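Q: Shown below is the structure under consideration.
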Amino acid sequence: MSVATGAVTDALRELHTRYSGVGEGALADYIPPLTHADPGAFGLALISMDGHRYGVGEADVPFTVQSVSKPFVYALALSLLGLDEVCRWVNAEPSGEAFNAISLERGTGRPANAMVNAGAIVTTALVPDTPRAPRFGRILDCLSRFAGRRLDVDEEVYASEAATGDRNRALAYLIRSTGPLPVDPVAAVETYFRQCAVRVTALDLAAMAATLAHGGVNPLTGDRVVPEPVAAQVLAVMATCGMYDASGDWLLRVGLPAKSGVSGGLIAAGPARFGLAAYSPLLDAAGTSVRGRLAIGKLSERLGLHLMHNPALAGSTVTLVTTAAGLPAAPAGARERARRERVAVAAAQGALDFTAAERVLYALDEAGTGRTGAVVLDLVRVTDIDTVARAMLRGGLARLDADGRRTAVADPDGRLYAPGEETGAPRCFASREEAVAWCAETAVG
Ligand code: DON
């Protein structure tokens, strides 16, 4: 076992050992075959943004996806119809109620959100149904692409829920009576029951969550399943509504977008970090896997994964703010020293986004004496610049130029100005020393 595999697997295994003895909770019994599940089953799985797979315990045991299907079908509807159209039919407000409550907006009858049953039934019905692409076919394809393998339906669970699911049928009729259900209630609920009966494992669910965390691209297959904005929208609704009437407490304590299901599946997504899944069929009163909730909560606490916990790392972006005279390579001659004194230098490193670019621009302002003279921006150790940071840095350099200051950039990989984009740009050099030398040449001593 490799070092990474060992460390991550050990963390999962420790949680598995810690919670496998917890016997609280009950199997869901309102869909009779769910009572056949092994109450002792417990699996944990994690998939990284590089597609590394980690699983312990019953991570390969199949079970029906149930409500964990809801965010993924919501993603499909958002991809096909767009956010505004979907919101016309289904709101995005936490209901504060149980998954099967009549959470409908007063007046319009619009369901509170796509995570409660009422909203999920409408969301399923929004997926287009055409002879060439039947509604359920589209849903199964989409769930399969999220999982990275072909999934199938547990026909026994489907038939059982279809035979006993009067509450969901009643909900569908109720919604239809006030308007926001675009198809026949029976047809809508049939497709919804089939979607809930799709068979998955904890490793499948971790891949599905990882695809949302990875901006809609499955990290195992490289398949772009949904556009990046859709992945973000789904994670937002999971964060506020994914755990029903326990959503606020979950976001407070665990701090990750999540979704539970009555067969014992539970997913959590660390945006740009990982997809996590648990399977353990003993449920609490909110319909959440007890062991899954404990394990994912503990993992979040141990690894500092809470979304609101992002301590700013001092010194992680700007590595140098000085004048060229302060650089180790500065020669000793008095005249040359004076010239170099008038060249401000700021260096950055790593991946630059909005926050990092603000720091870099502040450093450019601070660097040098009296905010006059030339400015060198050293990007040699920068690994990436996103579009927002690029626009900010270019704008900052243009303002310095407009103030009459000579500007130069050390940008050997053309990250700030790609080759061919140099018109109107500052002079770009392969190294900091070349940029400094060019600025110092003309600096008035
Ligand atoms: O509609 C139902 O009742 C089930 N097919 C799914 C409910 C569910 O998973 C609720 N989540 N905890």
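Q: Most mobile of 261, 304, 414 per a Gaussian network model of the chain (Cα springs, under 10 Å)?
A: 414
Q: Please work out the C-alpha center-to-center distance from the stretch 247-261 to the stretch 374-401 and express it in whole Å.
A: Each part's Cα centre sits 38 Å from the other's.
Q: Run the numbers on the chain and let me know its relative contact order in percent, using alpha-carbon pairs under 8 Å that are six or more apart.
A: 15 percent
Q: Using a Gaussian network model on the chain with a 10 Å cutoff between Cα atoms, which of 229, 131, 257 fluctuates the most?
A: Result for the chain, Cα springs under 10 Å: 131 fluctuates most.
Q: Let me have the 222 nm mean residue ellipticity of the chain computed from DSSP H runs of 4+ only, each contributing -39500 (n - 2.57), with the sum over all residues rounded to the nearest 500. Display every interim value, and only then the final one.
A: Numbers: 16 runs with 189 residues, N = 445.
Estimated from H runs of four or more residues: -13000 deg cm²/dmol.
Q: Moving on to the next point. Convert each backbone phi in the stretch 381-395 into a coupling constant with the Karplus relation 6.51 cos²θ - 1.76 cosθ + 1.60 (shift: θ = phi - 60°), then list the ³J(HN,Hα) values in order as whole Hz, x for Gly and Pro.
A: Ordered by residue, 3J(HN,Hα) equals 9, 7, 9, 6, 10, 7, 5, 5, 5, 4, 5, 5, 5, 4, x Hz.
Q: Quick one: Karplus J couplings for the stretch 424-435, per residue in order, coefficients 6.51, -1.76, 1.60, θ = phi - 60°, nearest Hz, x for Gly and Pro?
A: So the Karplus estimates, Gly and Pro as x, are x, 8, x, 5, 10, 10, 7, 9, 5, 4, 5, 5 Hz.
Q: At a 1.4 Å probe radius, carbon and sulfur cover how many percent of the accessible area of the stretch 1-147?
A: Here it works out to 53 percent.
Q: Here's a follow-up. Need one value: the accessible area of residue 345 in square angstrom, 1.4 angstrom probe, rounded to the nearest 10.
A: 0 Å²
Q: Please get the size of the charge dipole for the stretch 117-265, origin at its Cα centre, with Cβ charges of +1 on Lys and Arg and -1 on Asp and Glu, quoted in debye to the nearest 20.
A: The dipole magnitude comes to about 280 debye.
Q: Next question. For Cα pairs less than 8 Å apart in space and 6+ apart in sequence, what is the mean separation divided by the residue count of the stretch 317-442, i.e. the relative contact order in percent?
A: 25 percent
Q: Can you give the charge dipole size of the chain about its Cα centre, rounded to the nearest 20 debye, using +1 on the beta carbon of Lys and Arg and -1 on the beta carbon of Asp and Glu?
A: 800 debye
Q: Please sort 393-401, 231-239 by packing, taking for each peptide the average over its residues of neighbouring beta carbons within 10 angstrom, highest first.
A: 231-239, 393-401
Q: Evaluate E = 1/(1 + (r/R0)^6) for residue 310 and residue 17, where r is the Cβ-Cβ distance and R0 equals 35 Å; express this FRET efficiency to the nearest 0.05. List each step's numbers first, then the result.
A: Details: r = 30 Å, r/R0 = 0.86.
Once the sixth-power term is evaluated, E becomes 0.70.
Q: Charges on Cβ only, +1 for Lys and Arg, -1 for Asp and Glu, centred on the Cα centroid of the chain; of 297, 9, 402, which one is farthest towards the dipole's positive end?
A: Of the options given, the answer is 402.
Q: Need one number: nm distance between label points at residue 87 and residue 152, each 7 Å from Cα along Cα→Cβ, rounded to one decimal.
A: Using points 7 Å along Cα→Cβ, the separation is 4.1 nm.
Q: Another question, then. Which value, in Å², gives the accessible area per residue of the chain when a 1.4 Å probe is used on the protein heavy atoms?
A: Per-residue value: 42 Å².
Q: Could you tell me how far the Cα centroid of the stretch 314-368 sits from the Cα centroid of the stretch 1-62, in Å?
A: Cα centroid to Cα centroid, the span is 50 Å.
Q: I've got another one for you. Output the peptides 280-287, 321-328, 34-41 sorted from most to least packed, where packing is the average of other Cβ atoms within 10 Å over each peptide's residues.
A: Packing order, densest peptide first, comes out as 280-287, 321-328, 34-41.
Q: Express in nm, to one decimal, how much length is gained between residue 365 and residue 298 on full extension, taking 0.36 nm for each residue of separation and deducting their alpha carbon distance.
A: That pair, residue 365 and residue 298, stretches by 19.8 nm at full extension.
Q: Hey, can you grab everything whose amide H is under 5 Å from the amide H of residue 58? Only 5+ residues off in sequence or another chain; H modelled, so Pro and N-termini drop out.
A: Amide H to amide H, under 5 Å and 5 or more residues apart or across chains, residue 58 pairs with 42, 43, 44.
Q: Further question on the same structure: Which residue, chosen from 268, 283, 350, occupies the Cα position most advanced towards the positive end of the dipole of the chain, where the dipole is computed from +1 (Lys, Arg) and -1 (Asp, Glu) charges on Cβ about the Cα centre?
A: Positive-most Cα among the choices belongs to 350.
Q: Same structure, new question: Given the peptides 180-189, 356-365, arrange them by the average over their residues of other C-beta atoms within 10 Å, most packed first. If you can, show how the numbers build up before the last one.
A: On the way: 180-189: 18.4, 356-365: 20.1.
Top to bottom by mean Cβ count within 10 Å: 356-365, 180-189.
Q: Under 10 Å, Cα contacts only: if you run a Gaussian network model on the chain, which one of 179, 373, 424 comes out with the highest mean-square fluctuation?
A: 424
Q: Leaving out ligands, DNA and RNA, and with a 1.4 Å probe, what % of the accessible surface on the stretch 293-445 is carbon or sulfur?
A: Details: 4180 of 7870 Å².
Reported share for carbon and sulfur atoms: 53 percent.
Q: Next question, about the same structure. Per-residue HN-Hα couplings for the stretch 112-126, Karplus 6.51 cos²θ - 1.76 cosθ + 1.60 at θ = phi - 60°, whole Hz, x for Gly and Pro?
A: My calculation for the stretch 112-126 gives 4, 6, 7, 8, 7, 3, 4, x, 5, 5, 5, 4, 4, 5, 6 Hz in order.
Q: Based on Cβ point charges of +1 for Lys and Arg and -1 for Asp and Glu, what charge dipole magnitude is obtained for the stretch 317-442 about its Cα centre, in debye rounded to the nearest 20?
A: About 440 debye.
The values are calculated or read from the model by the stated rules, or taken from the named source; none is laboratory data. Quick caveat: nothing in here was measured; it's all calculated off a predicted structure. When we count neighbours, we look across all protein chains shown, and the Cβ atoms used for this are built from the backbone with ideal geometry, even at glycine. Keep in mind that these areas ignore ligands, DNA and RNA; they rest on the heavy atoms of the full protein, side chains included. Shrake-Rupley method; radii C 1.70, N 1.55, O 1.52, S 1.80 Å.
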